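Reading through the structure tokens given below for one structure.
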Amino acid sequence: MKLAWFQKNFIVILFFDIIILSLAFYASHLIRFEMDISPERLRLFYQALPVVVIVHLLFFIYFDLYKGMWRYTSIGDLFNIFKAVTLGTLTILAFILMVSNRFEGFSRSVFVINWLLSMFLIAGFRIMVRFYFEMAAGDKAVSDLIRTLSFRRNGKTPKSKTLLIIGAGNAAEKIYREIRDNIHLRYHVAGFVDDNPVKIRKKIHGIPVFGPIEKVRRISEKLNADELLIAIPSARGEQMRRIVECCKNTGIRFRTVPNMGELIDGRLSFSAIRDVDYRDLLGRAQVQLDDQKIGVYLKDQCVLVTGAGGSIGSELCRQICRYRPKTLVLFERGETLLYDIEMDLLNNFEDIDIIPVLADIQNMTQVSKVFDTWRPNTVFHAAAYKHVPLLESQPWNPVKNNIFGTRNLVEASRTYKVSRFVFVSTDKAVRPTNVMGASKRIAEMLIQNQNICSLNGNPSFLAVRFGNVVGSSGSVIPLFKKQIERGGPVTITHPEVTRYFMLIPEACQLILQAGAMGKGGEIFILEMGKPVRILDMAKDLIRMSGFTPDVDIKLAYTGLRPGEKLYEELITEGEGIVPTSHEKIMVLKATMCDMTFLKNNLKLLEDAADAQNDEAIRSLFKELVPEYQLPEVSCKRGVV
């Protein structure tokens, strides 16, 4: 059926092009000879016509003019028409020059006129077809088309909502074009709002630009806007807060387009629009990646990701797929999480071999089987226990998972000659006050010391350390939202608690970039920006929900829980930060620990974990990580 459809449309297109080329060539003679073509000129016209038509059609085929869909005719298609007609005309002139005596009997100006007419008629015909499909919305019946045309005289379609777009840049223009081209979206863009005085009172595709943004309430009332759309993906935190406050004052629904870093393919579309979230208020700048370097170690390779269904692991998988690995092995022990990420990737990356593996990094037999079967080139290790208060009461679990699970993967990577091993670490590994942080620091030590035993730096083991990510599982934001929905109170451990935050896509992009930069043994640290007070975060979320902090929604302080500290750090004393070629990535000059000492204590730690000996585990943590210390706080329920 598809082949028949293509053949039918190809014949129709070919027929019209032959008619247009013939008419253009004839009209060129009429114009040149002032509507009076002599019999001799007419004879030459009939002789040259087949050559003119056939040569042009051959160039049309060469430039793929018959493979595009007319309803989506673009500037690129018009440029191809220009190239095809121009080269066709030059070829015809060269042919006539060879077979005739210096154009004897032929008028050169006829071919110049024909070049212009052919180009404009061929391009104009395709533009008319696109215009027809735009107005008809692709599959509308004729009667529906007539109704649509009548409504669009007034700029609106039946039952459409009036939309006011905040911003008048590239993102706003792309969103407008999608709304204009797709009548099924049922939106009518009434205007744009921008602070730039150069843009105010100008028009984008005939739609006026108003401003400044502070006047959005008055503008929306004047235009009877039903919704607002913030289309400024580059907005920083303070700017976004101001825009959100202005939108809230209008009393109508407002949404936003995501930051470009959140988009897997980098393309903005109406379907990506979402409600404003706290991540927008962080205002993190888009990450600039060296795609060529990342592609070198990912493209056409087998990549394995542990914890593939988690917050970081799943986003890592999506970002990795951008670089077209041959095979992506999803290593995950959560059945539902594994199924979800598998379906997500299969729907979006059909050309990549997605392998779901339900397994546990603590089981060396399962780990070895997976490595032996798939022989990964690169491993991203994101699987970890990370809930600080929960792990404080049962420290043997992070020991077995975070430390010995990591050791299993390291041993398998060495055995099966993995080229690159990237360990996802945390800022809680710095001067840890909790067993989670201590377990991750020991895992870092395992990673660093592997390169001492590796000849020629192969495989390369490296770690990437960063702080909290907005929206991760166990994050404070979802809990705050639930507390706000219940009417409060919002619980905070301490008014001065601060944390570093970044976006999940940003963190994963920088992990991939660090993986391309590592030679082995490094601990890369991601630039986290300024730390955020959890109290300020809670107040922002309350305001975004339409309430006033400590008036509509109360704030309650519960005290620090065991293992928690007021301020997180990103480096330990003795570690020196060295800048890298990437502005958002630094590398730490960390000292290596004694391998024999590490192995001996790991054996004791393994025995203590098997016996679930809390005291012995903490004592061994102190031996292995001298800066590890227990905070003297009582166990209270709260959130950090």
Each residue of the stretch 302-311 in turn: what ³J(HN,Hα) in whole Hz from Karplus with 6.51, -1.76, 1.60 and θ = phi - 60°, glycine and Pro shown as x? 9, 10, 10, 10, 8, x, 5, x, x, 4
Through the Karplus equation 6.51 cos²θ - 1.76 cosθ + 1.60, θ set to phi - 60°, convert the phi angles of the stretch 81-96 into ³J(HN,Hα) values in whole Hz; use x for Gly and Pro. 5, 4, 5, 5, 5, 5, 5, x, 5, 5, 5, 5, 4, 5, 5, 5
Listing V99, V532 from the residue with the fewest other Cβ atoms within 10 Å to the one with the most, what is the order? V99, V532
Can you list residues from other chains, or at least 5 along the same chain, whose modelled amide H is less than 5 Å from the amide H of L503? V470
Could you list I219, I442 in order of exposure, starting from the residue whose Cβ has the fewest other Cβ atoms within 10 Å? I219, I442
For I525, list long-range residues whose amide hydrogen, built 1.01 Å from N in the peptide plane, is under 5 Å from its own amide hydrogen. R465, M586, V587, L588
The FRET efficiency for T415 and R324, from their Cβ-Cβ distance with R0 = 35 Å and rounded to 0.05, is 0.80
Starting from the amide H of R255, placed 1.01 Å from N in the peptide plane, find each other amide H under 5 Å away whose residue is 5 or more places distant or on another chain. L228, L229, I230
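Among the GluC sites (Glu not before Pro) in the stretch 172-244, which ones are in a DSSP loop with at most 11 other Cβ atoms within 10 Å of the Cβ? Mind listing them?
On the way: sites: E173, E178, E214, E221, E227, E238; in loops: none.
Answer by residue number: there is no such site.
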Considering only the other residues whose Cβ falls under 14 Å of the Cβ of L42, what net charge follows from Lys and Arg at +1 and Asp and Glu at -1? +1
Across the stretch 426-434, in residue order, what do the Karplus-derived ³J(HN,Hα) couplings come to in whole Hz, using 6.51 cos²θ - 1.76 cosθ + 1.60 with θ = phi - 60° and x for Gly and Pro? 8, 5, 6, 7, 8, 6, x, 10, 9
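Report the FRET efficiency, 1/(1 + (r/R0)^6), for F120 and F547, where r is their Cβ-Cβ distance and R0 is 45 Å, rounded to 0.05.
Details: r = 61 Å, r/R0 = 1.34.
Once rounded, the FRET efficiency stands at 0.15.
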What does the highest-first list of 44-51, 400-407, 516-523, 486-493 look like by mean Cβ count within 10 Å? 400-407, 516-523, 486-493, 44-51
Too-long pairs where the Cα-Cα distance tops 18 Å, listed order kept, from K481/K554; K440/K482; K482/K539; K386/K428; K530/K554; K539/K584: K440/K482; K530/K554; K539/K584
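So if each residue of separation counts as 0.36 nm, and I subtract the Cα-Cα distance between I31 and I18, what length gain in nm does that give? Please list the in-between numbers first.
Working: separation 13, 0.36 × 13 = 4.68 nm, distance 2.00 nm.
2.7 nm is the gain from fully extending I31 to I18.
Computed from the coordinates by the stated procedures, all read-outs in this text should not be read as laboratory data. Values in this document were obtained by computation on a predicted structure and should not be read as measured data. Here Cβ is always computed from backbone atoms with ideal geometry, including for glycine, and neighbour counts include all displayed protein chains.
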